[in-house]
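Just so it is clear, none of the values below were taken in a lab; they were calculated from the coordinates. None of the values given here were measured: they were computed from a predicted structure. Please note: Cβ atoms are built from the backbone with ideal geometry, for glycine as well, and neighbour counts cover all protein chains shown.
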Amino acid sequence: MKLLENKVAIITGASRGIGAGIASIFAQHGAHVAFTYSSSEAPALALAEELTSLGVKAKAYKSNAGSFDEAQVLVDQVVTDFGQVDILVNNAGITKDNLLMRMSEQDFDQVVETNLKSVFNMTKAVQKYFLKQRSGSIINMSSVVGVKGNAGQANYAASKAGMIGFTKSIALELGSRNIRCNAIAPGFIETEMTAKLDEKVVQSWREGIPLKRGGSPEDVANACVFLASDLSSYVTGQVLHVDGGMLT
Ligand code: NDP
């Protein structure tokens, strides 16, 4: 069953990893997909082609989610290109890990700007369209680290916890207009990036998870399909943990 037929989704940071997984699964569910990247142009263009071959409209946009002005221009351009927008997935994110003692002001600011301010930028930009059509679903990609904290990731944890506060506030503010806003808190998701890590270390992480495995981008993408689709039409202001039971 196709759950997102004829809906238009904007996904930030979908040139690789979890974002690319969301774009593929959304397209398989019939959504038209506009997605952004920061610098990975070749993979982004290849993904757009792959999605188009599934019979939906898809386009890659180079746009810095951390820039307020670029976010406004992007969303207006997507509406010009696709005619509407129904779903926003704020997925773009970076890490700049270090112990507080060694964390520079720039490392803090860059992470907060890319991970948290981007959510403000993009939500502001889609809001006028969602208000006009009296519907919309916003999904913010937080993290287990935003819920629990993590040594060496004070900047990242602060940005991801901030996303949760933002999510709940927007759910309260826009609920009366049938605009929903939820967050996903993934645990350890295995991507190309984690494939480069020491296998013994990764195996010890897997053993610590109740489901005894890392998650896949598809695991996160399927949760996004639920929150984006009408299946979750009475769900807002929630944090959905997609972590194999890590926080249980
Ligand atoms: P990746 O590093 O694999 O991909 C990040 C994506 O974001 C890329 O497409 C990248 O584009 C894009 N991006 C980076 N900066 C910007 C920017 N300023 N503007 C627009 N796009 C940008 O990350 P993951 O797939 O692992 O993670 C995706 C999200 O999930 C992140 O928010 C992350 O914090 C969160 N998350 C990930 C977990 C994991 O285990 N992997 C666990 C919990 C949460 P480009 O390719 O051009 O650089």
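Data for the structure
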{"quantity": "Computed lengthening from S67 to E192, 0.36 nm per intervening residue step minus Cα-Cα distance", "calculated": "42.3 nm"}
{"quantity": "Under the span-like rule (Cα at least 15 Å along the axis, Kyte-Doolittle mean at least 1.0), DSSP H helices of the chain", "calculated": "17-28"}
{"quantity": "Formal net charge of residues neighbouring I87 (Cβ-Cβ distance under 13 Å; K, R +1; D, E -1)", "calculated": "-1"}
{"quantity": "Estimated inter-spin distance, D97 and Q84, nm [label 7 Å along Cα→Cβ]", "calculated": "4.3 nm"}
{"quantity": "Gained length - R206 relative to E41, 0.36 nm times residue gap less alpha-carbon distance", "calculated": "56.2 nm"}
{"quantity": "Sparsely packed trypsin sites (Lys or Arg not before Pro) within the range 176-248, loop by DSSP, other Cβ within 10 Å at most 14", "calculated": "K196, K212, R213"}
{"quantity": "Selected from S204, T80, V147, residue furthest toward positive end of dipole (the range 8-241; charges at beta carbon)", "calculated": "V147"}
{"quantity": "Three semi-axes of the equivalent ellipsoid, the range 82-125, Cα gyration tensor, whole Å, largest first", "calculated": "29, 9, 6"}
{"quantity": "The chain, dipole about Cα centre (Lys/Arg Cβ +1, Asp/Glu Cβ -1), debye to the nearest 20", "calculated": "580 debye"}
{"quantity": "For the range 174-242: rounded, prolate or oblate by the Cα gyration tensor [a/c cutoff 1.5]", "calculated": "prolate"}
{"quantity": "Per DSSP, loop trypsin sites (Lys or Arg not before Pro) in the range 29-119 with at most 16 further Cβ within 10 Å", "calculated": "K57, K96"}
{"quantity": "Cα shape, the range 61-108, gyration tensor, a/c 1.5 rule", "calculated": "prolate"}
{"quantity": "Sites V239 and E218, calculated FRET efficiency, Cβ-Cβ separation with R0 30 Å, nearest 0.05", "calculated": "0.90"}
{"quantity": "Relative contact order [Cα under 8 Å, 6+ residues apart], the chain, whole percent", "calculated": "20 percent"}
{"quantity": "In the range 99-168, the chymotrypsin sites (Phe, Trp or Tyr not before Pro) that fall in loop regions by DSSP, at most 11 other Cβ within 10 Å", "calculated": "none"}
{"quantity": "Of K59/K117; K148/K212; K2/K196; K7/K62; K96/K128, pairs whose Cα-Cα distance is over 26 Å", "calculated": "K2/K196; K96/K128"}
